[in-house]
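Working notes for the structure below.
The values are calculated or read from the model by the stated rules, or taken from the named source; none is laboratory data. Since the model is a prediction, treat every value here as computed from it, not as a measurement. Cβ: placed from backbone, ideal geometry, glycine included. Neighbour counts: every protein chain shown. With ligands, DNA and RNA removed, areas are computed over all heavy atoms of the protein, side chains included. Shrake-Rupley method; radii C 1.70, N 1.55, O 1.52, S 1.80 Å.
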Amino acid sequence: MGIVEEAHNVKVLGKGNRYIVLAHGFGTDQSVWKHFVPNIVDDFRVVLYDNMGAGTTNPEYFDSERYSSLEGYAYDLLAILEEIGIDSCIFVGHSVSAMIGVIASISRPDLFHKLIMVSSSPRYLNDVNYFGGFEQEDLNQLFKAIADNYKAWCFGFAPLAVGGDMDSVAVQEFSRTLFNMRPDIALIVSRTIFQSDMRQILNLVTVPCHIIQAEKDMAVPVMVSEYLHQHLGGPSIVEVMATDGHLPQLSSPDIVIPVLLKHIQLNIESTSCQRNYNTFQNQDASSTKATNAETSSLMKMEADL
């Protein structure tokens, strides 16, 4: 095992000639894919790794300057692919890792057969003619809550992010991996993610993108999936699932696994870019108001913690 593979706890499982790379989001590690992996190891070589800063990585390797932007994580991804010797893969990125995949694919489109983007957002802050779900004051309160009492913040944030209560196995699992992060690193990573703005590079993406979104996600409003669909430079397709929470692969695997398997096999062309309305049809003003109310409630809870 090479230096990069060891630092990122890389595992290569399964068999076959094709590679699927699974990348996790903030507060989790590669274990977030535990329900999905058994469904693909018979047909693919499956690559799992941990983003630097995850609780399973060595905190001494975390470079605050390198990881002050998502480019640092993209460089890590490309280094992992190079060290393993992968010349083409299907990349499945959850949350921030979807944007990490976007950056990497712009640099090396030859390495990516397609991107499958789960619960992803190019920008979390609201802007003119753009609804990301958060105001700057919301994020300031979030960062303060992390800095003031990380443990309390974890216990408050986990059920809201997953979409359940503390008795939920999925919430307990997310709480575990979230709490495993070193608090100062968690604060740096959260700032990098929530203050990021990848909108200006979306049109540079040329590889096919499959956008998978939960119908109800406190971190990523469903309308963000349509924004990605409209602004990505290559062919794209959107599917909105009837799930609740930002980590559907953990909380609703029975729904997510068939969707992911379908998109792994599905080939889209530039002439067939579309949105799947099977599970979501009418996003009206009342839904937007509900999302705003949830965000405000979340930030108030975190500030109280």
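Can you tell me how many residues within region 25-43 are buried (at least 18 other Cβ atoms within 10 Å of the Cβ) and in a loop (DSSP other than H, G, I, E, B)?
Going through region 25-43 one residue at a time, the tally reaches 7.
Rundown of residues vs (1) within 30 Å of Asp43 (Cα to Cα); (2) among the charged types (D, E, K, R); (3) surrounded by fewer than 23 Cβ atoms within 10 Å (Cβ to Cβ), yes/no style:
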residue: Arg199; (1), (2), (3): no, yes, yes
residue: Leu204; (1), (2), (3): no, no, yes
residue: Tyr227; (1), (2), (3): no, no, yes
residue: Pro235; (1), (2), (3): yes, no, yes
residue: Glu239; (1), (2), (3): yes, yes, yes
residue: Ser251; (1), (2), (3): yes, no, no
residue: Val256; (1), (2), (3): yes, no, yes
residue: Leu261; (1), (2), (3): yes, no, yes
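Would you mind stating whether Ser121 is under 30 Å from Leu232 (Cβ atoms), open to solvent by 10 Å² or more (accessible area, probe 1.4 Å) and polar (S, T, N, Q)? Steps first, please.
Working: under 30 Å from Leu232 (Cβ atoms): yes; open to solvent by 10 Å² or more (accessible area, probe 1.4 Å): no; polar (S, T, N, Q): yes.
Judged against the criteria, Ser121 is not a match.
Could you list, in sequence order, all residues of region 94-110 that are open to solvent by less than 10 Å² (accessible area, probe 1.4 Å) and either farther than 17 Å from Tyr124 by Cα or modelled with pLDDT under 95 (or both)?
Matches in region 94-110: Gly101, Ala104, Ser105.
Report whether or not Val189 is modelled with pLDDT of 95 or more and closer than 17 Å to Phe134 by Cβ. Talk me through it step by step, then tell me what you get.
Details: modelled with pLDDT of 95 or more: yes; closer than 17 Å to Phe134 by Cβ: yes.
Considered against the rule, which asks whether it is modelled with pLDDT of 95 or more and closer than 17 Å to Phe134 by Cβ, Val189 comes out as yes.
Enumerate the pairs (first residue in region 95-115 and without any contact (Cβ under 8 Å) to a residue 24 or more places away in the chain; second residue anywhere and open to solvent by 10 Å² or more (accessible area, probe 1.4 Å) and of a type in the set (S, T, N, Q)) with beta-carbon separation below 9 Å, excluding pairs fewer than 6 apart on the same chain, so at least 6 apart or on different chains.
Pairs found: Asp110/Ser88.
Report, by residue number, each residue of region 36-63 that is within 15 Å of the chain's Cα centre (by Cα) and either hydroxyl-bearing (Ser, Thr, Tyr) or at pLDDT below 95 (or both).
Result: Tyr49, single match.
Being outside any strand (DSSP E or B) and over 20 Å from Leu125 (Cβ atoms) is the filter here; which residues of region 204-228 pass it?
Correct list: Leu204, Val205, Thr206, Val207, Pro208.
Go through region 44-79 and report how many residues are assigned to a helix (DSSP H, G or I) and within 23 Å of Asn180 (Cα to Cα).
Qualifying residue count, region 44-79: 12.
Could you list all residues from region 171-225 that are among the basic types (Lys, Arg), in contact (Cβ under 8 Å) with a residue 12 or more places away in the chain and closer than 22 Å to Asp244 by Cα?
If the condition is that a residue be among the basic types (Lys, Arg), in contact (Cβ under 8 Å) with a residue 12 or more places away in the chain and closer than 22 Å to Asp244 by Cα, then Lys216 is the only one that fits.
Output the qualifying pairs, or none if there are none: Cβ atoms under 6 angstrom, residues six or more apart or on different chains, first residue in region 231-251 and in a strand (DSSP E or B), second residue of a type outside the set (Val, Ile, Thr) and open to solvent by less than 10 Å² (accessible area, probe 1.4 Å).
Short answer, once both residue conditions are applied: Ser236/Cys209; Ile237/His210; Val238/Ser225; Val240/Gln213; Met241/Ala214; Thr243/Ala214.
Please find, within region 136-170, the residue that is farthest from the chain's Cα centre (by Cα) out of those that are assigned to a loop (DSSP other than H, G, I, E, B) and touching a residue at least 12 places away in the same chain (Cβ under 8 Å).
Looking at the filtered set, the residue picked out is Asn149.
Taking the criterion of being exposed (fewer than 14 other Cβ atoms within 10 Å of the Cβ), at pLDDT 95 or above and over 26 Å from Gly27 (Cβ atoms), would at least one residue in region 282-303 satisfy it?
no
Looking only at region 148-162, how many residues end up being open to solvent by 30 Å² or more (accessible area, probe 1.4 Å) and either out of contact with any helix residue (DSSP H, G or I) (no Cβ under 6 Å at 6 or more places or on another chain) or closer than 18 Å to Ser31 by Cβ (or both)?
Here the count works out to 4.
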